[in-house]
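I have placed the structure first, in the form of structure tokens, so that the comments after it can refer back to it.
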Amino acid sequence: MLTDRPVICDYAKFRAKKSEELSVLLAQTPSVFLIVCTKCFHRMRDEDAGCPEVRNALAGCATTIAGCLEVDFLCNREKTSVLLATHPCGSSTAGVFSCGVGVQVVADLLPDTCVLALADSIPHGGNATTDVAYHGVSLRPWQCAACGQCRLQDTAGICPVVECAKSLVNGPCGGAKNGMCEVHESLPCAWERIYARLSAQGRQFSPPVQVHNCASFSPEKKASLSAEVRQKRREGFPGGLYPPDEKERAGSLSLARFPDPQVAVVFLSQHAGAPARPLVKKGDRVKAGQEIAETAAAISAAVHAPIPGVVAEISERFHPSLLTPAPAVIIEHDGSGASVSLPPMTGWRSLDPATLRQRVRQAGIVGLGGAMFPSDVKLNPPRPVDTLIINGCECEPILSADNLTMVECADDLLDGAEMLRHILGVTRCLIAVEENKPRACAVLTERLAGRDDISVVPVKTKYPQGAERMLVLRLLGRRIPEGKLPCDAGAVVFNVSTAVAVCRAVRDGLPLIERALTVAGALVKNPANLIVKIGTPFADLLRAHGADEESRLLMGGPMMGVAQPSWSGAVIKGTTGLCAVPRPAVIPSEERDCIKCGRCVDACPMDLVPSRYAFHGKRQEWAQMQRHGVLSCIECGCCEYICSAKIALVSLIRKAKIHARHLTAKP
Ligand code: SF4
Ligand code: SF4
Ligand code: SF4
């Protein structure tokens, strides 16, 4: 009987394969010469008995041990080559206990010997094709991806996961020309090398692999499968993705009020357009709801004190959206409950649209879905529109505050929708809710029973359904022309939380000083949906909910969220959530080249060809990117999420846009 797997201990970067796997491997050979890396796997070291655990593991096999060589740092090619020269391998088969790098070094040094990998490198988590591990003193750190399923014995000691540009594990792609890789034209095709070495050893590549036998499909079945895939890709809008929504943890929790912060950091710029102009100075006493900065241009938004207290200073603080220091009013809470509000407009139905629009402006309301465009400007479209769309999709994974807002603030939401419709002068109002929010759909549908002026439209769950262009296309079948706005397709879109804020500003006179957001993610112990005062420091929220300080923090969701370099930001009007997620286990030392798989093209909802951005972006050919429509990109992140080569496409796209604007701005 073979023993159980040895326990991983200090420095171990690989572990023995399971007993059953070892029996299958060793049954292939009457004798094996063991080569053991003792540096990383201390339990293998035993000067007297010589690899007792290895011998135990092989005790139940008929295979005899022809000899054993222990090497400190098997991955040290120079040292290993000297040792192998003085300790010749006494069998046509070598069994290597080491990480993948050690196995490859031995296979390289003994090209005529069949080398068995008796251990698996320990995976570092994430995508094994990109999370390259670093082992021992190897001079080629990319030799092992620590995929956790070492099968170098099948591939003559050449790893296809790291050596093949496409990480193909079942054979070549067929694109090699004259033995050279079709992606990296200066490198030999890994699979041709594998076949050549196997053939020199009198072996063939024949591992059992699980593949669909397409030949057994009828032509009809193939056609229906293709049609299904095509239909899904075109469903509602082209492309898009179905990422795991991970909304279970926070999705069922009610909205709870987070306590006022002791110190609020209130940025003057938390909207699209000109930063607001301060109306207060250091030492001024303010009440909650008091206007502390006024609009500074047509496209701008007023800012109000979220808490009562004293203005401690007006100075620059790290801005979580701009990612640079930006001016903010710092207010220290005075412990009082002093507040002011605007006069309620209870008879709003009899007021003219301009008066209501002015109220929206006075209240500092901006798009709360993340875009932060001033709502009063949006409510004055330059051309007539016929439809108001209320966006309840919340298609970003993890976030669920909008969902809870629809469930728990349904009446305010519907009143807000009516006010927006009244201001815009449209009769049709559609509330779009993704199908993964059945409670919200049910609550709103029940409230609207018997009414035909506002309807709830359940839409299929697909990312990025919440993007304005996708919504207008899905609901109205209208395409927004390139470079244009929803109003150019006859529609105006508002997020559900914005509609609630409009209702409270008009009906109750409340300026925008708080918002609903989600604090969640795998590294948050107590996820929550919260009503939070604008200006609340991120650190207060994250500590209160048990976020791991080592996590990767995103303001927003995992697809479009802004990665935060620290916890020093504070809630702004566009903060839809804070997600604390694991950092990539290993940062790849260098990005891979595009392998022309086309997955990004399939996923792009704007029908762009992101692989062109990978090509031109790496060469800093910004003008070429502009020619290929980069300005139409909505930065949804689908291409980057799906990219086989894990290319940071969105950051290349953003750079190209900055260069394009710079070029346009030149006289
Ligand atoms: S991608 Fe390159 S290395 Fe991989 S099989 Fe194709 S030609 Fe060979
Ligand atoms: S980020 Fe831009 S290029 Fe990439 S999928 Fe989204 S819209 Fe397309
Ligand atoms: S997803 Fe696009 S950019 Fe990424 S490797 Fe495939 S074709 Fe290239």
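The values are calculated or read from the model by the stated rules, or taken from the named source; none is laboratory data. None of these values were measured; they are calculated from a predicted model. Here the Cβ positions follow ideal geometry from the backbone for every residue, glycine too, while neighbour counts run over all protein chains shown. What goes into the accessible areas is simple: the full protein's heavy atoms, side chains included, and nothing from ligands, DNA or RNA. Shrake-Rupley method; radii C 1.70, N 1.55, O 1.52, S 1.80 Å.
Of note:
- Listed peptides 464-470, 61-67 by packing density, highest first (mean Cβ within 10 Å): 464-470, 61-67
- Cα long-axis angle, helix 190-200 against the chain (0 to 90 degrees, to the nearest 10): 10
- Around the amide H of Ala547, modelled in the peptide plane, lie the amide H atoms of Lys525, all under 5 Å away and 5 or more residues distant in sequence or on another chain.
- Region 411-518: C-alpha pair distances exceeding 21 Å, %: 40
- Taking Cα atoms only, the orientation of helix 219-234 departs from the longest principal axis of the chain by about 40 degrees.
- GluC sites (Glu not before Pro) restricted to region 163-210 and DSSP loop, no more than 14 other C-beta within 10 Å: Glu185
- When peptides 378-391, 92-105 are sorted by average Cβ neighbour count within 10 Å, with the highest value leading, the order is 92-105, 378-391.
- Total charge dipole magnitude, the chain, about the Cα centre, Cβ charges on Lys, Arg, Asp, Glu only, Debye to nearest 20: 1540
- Share of carbon and sulfur in the accessible heavy-atom surface of the chain [1.4 Å probe, %]: 54
- Calculated from backbone phi, Karplus (6.51, -1.76, 1.60) coupling profile of region 297-305 in Hz, x at Gly/Pro: 6, 4, 9, 6, 8, 6, 10, 10, 5
- Take 617-623, 525-531, 428-434 and order them by the average number of nearby Cβ atoms within 10 Å per residue, most first; the result is 428-434, 525-531, 617-623.
- Percent of Cα-Cα distances greater than 37 Å, calculated over the chain: 50
- Projecting the Cα atoms of Ala16, Leu279, Ala27 onto the charge dipole of the chain (Cβ charges, centred on the Cα centre) puts Leu279 farthest toward the positive pole.
- The chain: relative contact order as a whole-number percent, Cα under 8 Å and 6+ apart: 11
- Angle between the chain longest axis and helix 649-665 axis [Cα atoms, degrees, rounded to 10]: 50
- Region 599-665: radius of gyration over Cα atoms, expressed as a fraction of 2.2 N^0.38 Å: 0.99
- Surface calculation, 1.4 Å probe, protein heavy atoms: Ser252 sits at approximately 80 Å² accessible.
- In this structure, the amide hydrogen of Val115, modeled 1.01 Å from its nitrogen in the peptide plane, lies closer than 5 angstrom to those of Ala94, counting only residues at least 5 positions away or on a different chain.
- Phi to ³J(HN,Hα) by Karplus 6.51 cos²θ - 1.76 cosθ + 1.60 over region 245-261, Hz, x for Gly, Pro: 7, 6, 9, 4, 5, 9, x, 9, 8, 6, 5, 10, 8, 8, x, 4, x
- Phi to ³J(HN,Hα) by Karplus 6.51 cos²θ - 1.76 cosθ + 1.60 over region 268-274, Hz, x for Gly, Pro: 7, 10, 9, 6, 6, x, 5
- Top positive-direction residue, dipole computed over the chain with Cβ charges, set Asn178, Ser315, Ser632: Ser632
- Whole-number accessible area per residue in Å² for the chain, which is evaluated in the context of all protein chains at 1.4 Å: 45
- Taking each residue as 0.36 nm, the span from Leu187 to Ala298 lengthens on full extension beyond its C-alpha to C-alpha distance by 34.2 nm.
- Average Cα contact separation per residue, region 599-665, under 8 Å, 6 or more apart, as relative contact order %: 37
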